Amino acid sequence: MKKILDLLSEEMGKAFEVCGYDAALGRVSISNRPDLCEYQCNGAMAGAKQYHKAPIMIANEVAEALKESKVFKEVTAVAPGFLNLKLSEEYLLNVLSEMAAAPKFGLELPAQPRKIMIDYGGANVAKPLHVGHLRSAVIGESIKRICRYAGNEVIGDAHLGDWGLQMGLVIMGLQEKYPDLVYFDDSYEGEYPTEAPFTISELEEIYPAASAKSKADPEFKAKAMEATFKLQNGERGYYAIWKHILNVSVEDLKKNYGSLNVEFDLWKGESDVQYLIPEMVEYMKEGGYAHISEGALVVDVKEETDTKEMPPCMILKSDGASLYNTTDLATIMERMRVYHPDEIIYVTDKRQDLYFQQVFRCARKTGLVEPETKLRWIGFGTMNGSDGKPFKTREGGVMRLENLIRETKDEMYRKIREGREMPEEEARRTADQVAMSALIYGDLSNQASKDYVFDLERFTSFEGDTGPYILYTIVRIKSILAKYKEQGGTLEGLKLQTATSDAEKQLMMQLVQFNAMMQNAAEEVAPHKVCAYIYDLANSFNHFYHETRILGEENAEKKAGLIALLILTRDILETCIDVLAFSAPEKM
Ligand code: ARG
């Protein structure tokens, strides 16, 4: 269904036309002076030159032509030529009723869904998730859900880091700890055990220790590199132990991502495209794209218009080893072959900016990606502590994501306990759910590219621009609806009614913007727009709530209309938080 601004612009355009002007001048926008009007049109200003007339004369004529309009209740021409608009309550009711009855609240779906792949999360096998991974996961998940809601086919891929030196380090760490395992016995020819000989907590201790050791001990590092090489060349024992590492780690990752409501469609990793590398290298050589520079195989990606340095994209190191780039390019090759997406979106730390420019240019230049397929990179800023530096633990170390989640849950529990009577177990459950909204909304409400400060106190507050405030609003609505039912009311088949107060009209005008907002958030892959919208909507609702007798309303028809408005507000808020990947409890 058409968006409200388009509907209003049509009505306005007709009036311009009737007066002998170009209908395109009738573009209506939301008022930037809400104290004066609800919507505005600046077309008379724009048309003045074209028609050699004072803008106020045009505005007066158009206002006159709209006197009988069923859409606008008030059209005022004001000097020097603005048109200030107020909507008719009946018209607003009609549009909102149509939205309420339409699938997805009247969101216009693309005639041809686009196939979009999202590469996000970026976890590395055997390394615990840290706060840096929070952003990629949360932003990527929300973009996936927004694009899907907007009618696209979306495939989310975890693109695990499961193939580099870190694997050799873990293998060496294990070998030093358990030298007698059959995996390290060259003469062993039997089947390898199906059970992993270690747990996730062991694995998580081994990686940091091995990584530290490799920095201090060159011999150990050389061994780890050799192990990486052997693994990559398919040595049986190393391959078998690597499979265990992968399985144990992925199981744990699934649990952690699960608590963030992050669900990948594909759990592919860097290792999955290694088979393609020889073919890709051959293709790049044969096509004349790649050449040898200082022993390495590279593709030049510099363009004439570059003002900054643009180093070539390295495909193979001088020792023939592949790199992060190589794998990303091979992944593009595979994605094109298997899925043929219209777009691939990457969500990573913004420090990978230059890297992705190189990879994208290389993929385009070499034709790995077809011209119609869009490559989009979303670089996010850093989550900082209150000191403005990247977020750390109190001891100054890297904060594990698990611990950050636990701290947030504990703080939320404390707040919930403080404010109300609730059985212990329910308080825990509720706190866990609300805590996720605090973390996720705290992150997503910022434009992704910006850095932000993680402020536990503010994020977990029930007031202000926070996740808990949004949930609090939803819970408030749910509790009124529950009371209405207790009083014998039914929630089915209720009809919205014409607004009878400013606060009610404001709320309806917020609701009516939903479909345009969602479409825009999908086009711009911008979860923060959904956050900004629900914050405004929650504010409008709470203002309306304070101004209005709802359950105490005596006119039954009017009361039912108010309840219908509550239901629609709840549904739109819940739809929005669902695409942000959190949910509301029944009580809190
Ligand atoms: N594993 C990488 C890291 O921890 C992120 C992967 C991002 N995705 C990609 N296709 N390169 O930095």
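The values are calculated or read from the model by the stated rules, or taken from the named source; none is laboratory data. Note that the structure is a prediction, hence the values are computed from the model and not measured. Every residue, glycine as well, gets a Cβ built from its backbone with ideal geometry; the counts of neighbours run over all protein chains shown.
Miscellaneous remarks
- Single unsatisfied condition, Ile206 versus (1) away from the ligand (no atom under 16 Å from the Cβ); (2) in a loop (DSSP other than H, G, I, E, B); (3) closer than 18 Å to Lys243 by Cα: (2)
One line per residue, one yes/no per condition, for (1) charged (D, E, K, R); (2) buried (at least 20 other Cβ atoms within 10 Å of the Cβ); (3) under 25 Å from Leu25 (Cα atoms):
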site: Gly81; (1), (2), (3): no, yes, yes
site: Tyr91; (1), (2), (3): no, no, yes
site: Val95; (1), (2), (3): no, yes, yes
site: Glu98; (1), (2), (3): yes, no, no
site: Pro103; (1), (2), (3): no, no, no
site: Leu107; (1), (2), (3): no, yes, no
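- Counting only residues that are more than 16 Å from the ligand (Cβ to nearest atom), farther than 26 Å from His340 by Cα and either in a strand (DSSP E or B) or at pLDDT below 95 (or both), the stretch 83-136 holds 5 of them.
- Selection of the stretch 300-314 for residues being touching a residue at least 40 places away in the same chain (Cβ under 8 Å) and either within 14 Å of Ile277 (Cβ to Cβ) or of a type in the set (Asp, Glu) (or both) yields only Glu303.
- Within the stretch 97-142, tally of residues that are over 27 Å from Tyr441 (Cβ atoms) and without any contact (Cβ under 8 Å) to a residue 24 or more places away in the chain: 3
- Selected residue (criterion: nearest to Cys147 (Cα to Cα)) from residues of the stretch 548-588 that are of a type in the set (Ser, Thr, Tyr) and in a helix (DSSP H, G or I): Thr575
- Residue that is touching a helix residue (DSSP H, G or I) at 6+ places or on another chain (Cβ under 8 Å) and within 16 Å of the ligand (Cβ to nearest atom), where the choices are Gln232, Gln175, Gln166: Gln166
- Any hit, the stretch 162-170, residues being assigned to a loop (DSSP other than H, G, I, E, B), over 14 Å from the mean Cα position of the chain (by Cα), on the phi > 0 side of the Ramachandran plot and not aromatic (Phe, Trp, Tyr): no
- Extreme residue, surrounded by the fewest Cβ atoms within 10 Å (Cβ to Cβ), among residues of the stretch 372-397 that are of a type in the set (A, V, I, L, M, F, W, C) and more than 16 Å from the chain's Cα centre (by Cα): Leu375
- Meets criteria (surrounded by 13 or more Cβ atoms within 10 Å (Cβ to Cβ) and within 15 Å of the ligand (Cβ to nearest atom)) for Pro312: no
- Failed condition for Asn247, given (1) assigned to a helix (DSSP H, G or I); (2) surrounded by 15 or more Cβ atoms within 10 Å (Cβ to Cβ): (2)
- Filtering the stretch 282-329 to residues that are under 25 Å from Asn124 (Cα atoms) and among the β-branched types (Val, Ile, Thr) leaves Ile315, Thr326, Thr327.
- Search result, residues across the stretch 362-391 that are more than 13 Å from the ligand (Cβ to nearest atom), touching a strand residue (DSSP E or B) at 6+ places or on another chain (Cβ under 7 Å) and not in a loop (DSSP other than H, G, I, E, B): Cys362, Lys365, Lys374, Met383, Asn384, Pro390
- Figure legend. Inter-residue proximity from the stretch 46-71: first residues farther than 23 Å from Ser88 by Cα, second residues among the acidic types (Asp, Glu), beta-carbon distance below 8 Å, spacing 6+ or different chains. Indicated pairs: Gly47/Asp22; Gln50/Asp22.
- Checklist (1) crowded, with 17+ Cβ neighbours inside 10 Å; (2) closer than 30 Å to Val131 by Cα applied to Leu181, failing item: (2)
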